[in-house]
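These notes are about the structure you will find just below.
What follows is calculated from the coordinates using simple rules that are stated; it is not laboratory data. Fair warning: this is a prediction, and the values are worked out from it, not measured in the lab. Reconstructed Cβ throughout: ideal geometry from the backbone, glycine too, with neighbour counts over all protein chains shown.
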Amino acid sequence: MSMMKTNMLVRSLSTSASASQMVKPPVQVFGLEGRYASALYSAASKSKALDTVEKELTQFQQSIKSDAKLKEFIINPTLKRNLKAEALKHLATKTSMSATTSNLLGILAENGRLNKLEAVINAYKIMMSAHRGEVTCEVITATPLDAEQKKSLEAALKKFLKGNEQLQLTATVDPSIIGGMVVSIGDKFVDMSVASKVKKYTELISASA
C-alpha cells in the first residue's frame, strides 16, 4: 500500500475535514494490518476518539470470540462484500459505535479484508499501548518468581523507563530454561547497555536460586 493509498485510507476513515495530513502513531507496525491500524490511529486522533475506538474494537473482538455466528459471518469468503459492509454498518448503528470504528469495519468489508480484522485490532492496541507510555516487558523463568524476586525485578527494569512511561510486566514459566531468565523489553530499549544490565541482574537471580 503506497503513501497515496494510505492517505486515501486515512481520509476514508476520518470524519474530519482536515484528513489529508496523517497523524503518525507512536510506534510502527509493519504489514497490511499495520497500515490499516496507522490510518485508523490517525483518523481516531483527529476526531479525539483514540480511547473510544480502542474500547469499541476490543468489545467487537470479544464478540467475535464468543459469537460463532458473527465469527462465521466475518470470515465467510462466499458472502458478497457489499452485503457484509451493509450488515456491519447496521450493526454499528445498532450498537452506537463511533463513526471512525464503523468506517473501519465498512472499509475492511468493502476491500475484502475482514480476515485481517483481528490483526488490525491487535496492531491498533500496540499503538495505543505506546500512546499511553506503556513499555511491555516479558520475563521467562525456569521456575516461578516469588513476590520478592518479582518486586526486585520490576524495580530494576523501571530504571530503564523515561518520563511518564509505565512498565507492563508479564512473567511466564518455561522449565526448559536452564537457570536464570530471559527478558525482552520494548524495542527502543534493546541496546547493549540495557542488555548488559539485565544480564547482570539475571546472573544475580541465578546465583541466589
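All but one of (1) in a loop (DSSP other than H, G, I, E, B); (2) under 20 Å from LYS125 (Cα atoms) hold for SER96; which doesn't?
Every listed condition holds for SER96 apart from (2).
Would you check if THR101 is part of a helix (DSSP H, G or I), among the hydroxyl-bearing types (Ser, Thr, Tyr) and surrounded by 14 or more Cβ atoms within 10 Å (Cβ to Cβ)?
On the way: part of a helix (DSSP H, G or I): yes; among the hydroxyl-bearing types (Ser, Thr, Tyr): yes; surrounded by 14 or more Cβ atoms within 10 Å (Cβ to Cβ): yes.
Spelling it out, THR101 is indeed part of a helix (DSSP H, G or I), among the hydroxyl-bearing types (Ser, Thr, Tyr) and surrounded by 14 or more Cβ atoms within 10 Å (Cβ to Cβ).
All but one of (1) assigned to a helix (DSSP H, G or I); (2) over 30 Å from LEU91 (Cβ atoms) hold for THR170, so report the exception by its number.
In the conditions (1) assigned to a helix (DSSP H, G or I); (2) over 30 Å from LEU91 (Cβ atoms), THR170 misses (1) alone.
So which residues in the range 137-184 are under 24 Å from ILE126 (Cβ atoms), surrounded by fewer than 13 Cβ atoms within 10 Å (Cβ to Cβ) and hydroxyl-bearing (Ser, Thr, Tyr), if there are any at all?
Residues satisfying the conditions are THR170, THR172.
Scanning the range 26-43 for residues that are hydroxyl-bearing (Ser, Thr, Tyr) and under 10 Å from ALA123 (Cβ atoms), which turns out surrounded by the fewest Cβ atoms within 10 Å (Cβ to Cβ)?
At the first step, the residues of the range 26-43 found to be hydroxyl-bearing (Ser, Thr, Tyr) are 36, 38, 41-42.
Keeping just the survivors that are under 10 Å from ALA123 (Cβ atoms) gives 36, 38, 41.
Working: TYR36: 27, SER38: 25, TYR41: 28.
Once the filter is applied, the top-ranked residue is SER38.
Could you list, in sequence order, the residues of the range 72-93 that are within 20 Å of ASP51 (Cα to Cα) and either in contact with a helix residue (DSSP H, G or I) (Cβ under 7 Å, 6 or more places away or on another chain) or basic (Lys, Arg) (or both)?
ALA92
Test LYS116 against the criterion of being of a type in the set (Lys, Arg), touching a helix residue (DSSP H, G or I) at 6+ places or on another chain (Cβ under 7 Å), surrounded by 13 or more Cβ atoms within 10 Å (Cβ to Cβ) and in contact (Cβ under 8 Å) with a residue 40 or more places away in the chain, and give yes or no.
Working: of a type in the set (Lys, Arg): yes; touching a helix residue (DSSP H, G or I) at 6+ places or on another chain (Cβ under 7 Å): yes; surrounded by 13 or more Cβ atoms within 10 Å (Cβ to Cβ): yes; in contact (Cβ under 8 Å) with a residue 40 or more places away in the chain: yes.
Yes, satisfied.
Please count how many residues of the range 22-64 are assigned to a helix (DSSP H, G or I) and out of contact with any Phe, Trp or Tyr (no Cβ under 6 Å at 6 or more places or on another chain).
Looking only at the range 22-64, we keep the residues that are assigned to a helix (DSSP H, G or I), and these are 31-46, 50-64.
Narrowing further to those that are out of contact with any Phe, Trp or Tyr (no Cβ under 6 Å at 6 or more places or on another chain): 31-36, 38-39, 41-46, 50-64.
The number of residues fulfilling the criteria is 29.
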